[in-house]
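The values are calculated or read from the model by the stated rules, or taken from the named source; none is laboratory data. Everything numeric in this text was worked out from a predicted model, so none of it was measured. Cβ sites come from the backbone with ideal geometry, for glycine too, and all protein chains shown count toward neighbours. When the accessible area is computed, the model is the full protein with side chains, heavy atoms only, and any ligands, DNA or RNA have been set aside. Shrake-Rupley method; radii C 1.70, N 1.55, O 1.52, S 1.80 Å.
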Amino acid sequence: MAPHHPEDVGMKAEKKAEKSPRRAVAAADRTRQPTEVRRRLIVEAAVPLIAERGYASVGVRDVAAAAGVSVGTVTYHFGSVQEILSEAMVLQIERYYTGLSEAADRATSGAEGLRLLVDALFTEDTDRHWRMWFEYWNVGEHHPDPAFARGQDRRYESWHRQIRTLAERAIAEGDLTSADLDGFTVRFAALADGLALQRLRQTPPLTVEDARRHLRHFIETELGRGTGS
């Protein structure tokens, strides 16, 4: 409901009340999007902005323009641009890793799951994710809300569990061998992050296929028998 204005008191308020059946408030309410829908629209619009410009370079006006809404609409739904950008990063990252999990879950074996994971980590389309990923961790160092850092911890723990589960499955199925699953998991995640950074900086140049090849070689070296190419 719109806030009351000075004219909505005394006699004028009574007159408005008498005419209330003729007002179009109900119709307006029916066409207005629910709060959660509008918030999601704004957050979704912020995702490519962060990937393209970086967290620190995106302002409220940028988000409003990308979402096709007024600045007032944005500030009505969010307390700050930082709140929008934080939600946008979490949304994109969770969406990305959900896709990875679903792909790995469809694998017929742990070794195949690791192959699918490597292939999904590096494609021409994942460069945007990796930009967001590094922004996500950089922002976490200075984020005012402790819940954001806790969310980062849970995200990385979940990512480690996914890697370890696939490797453990491959070993149980006899496709691979290893005596150090925890070490493999840490090193796999660290190598993926390092390759992603090199892929984005291109210093030295790194193609998608070369990034995949390095990870496959790591798996073969760390876990014994190879997972194929």
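Overview of values
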{"quantity": "Accessible area in the full protein assembly, largest first, 1.4 Å probe, for Ser109, Ser57", "calculated": "Ser57, Ser109"}
{"quantity": "Sites Gln82 and Glu220, calculated FRET efficiency, Cβ-Cβ separation with R0 41 Å, nearest 0.05", "calculated": "0.40"}
{"quantity": "The range 125-190: C-alpha gyration tensor shape, a/c 1.5 cut-off, then a/b vs b/c", "calculated": "prolate"}
{"quantity": "Surface accessible to a 1.4 Å probe, per residue, for the residues of the range 65-184, Å²", "calculated": "49"}
{"quantity": "Packing-based ranking, highest mean first, of 59-69, 98-108 given that Cβ atoms within 10 Å are counted", "calculated": "59-69, 98-108"}
{"quantity": "Average projected area [Cα convex hull, the range 56-99], square nanometres", "calculated": "3.4"}
{"quantity": "The range 62-116 and the range 175-229: distance between their alpha carbon centers, rounded to Å", "calculated": "25"}
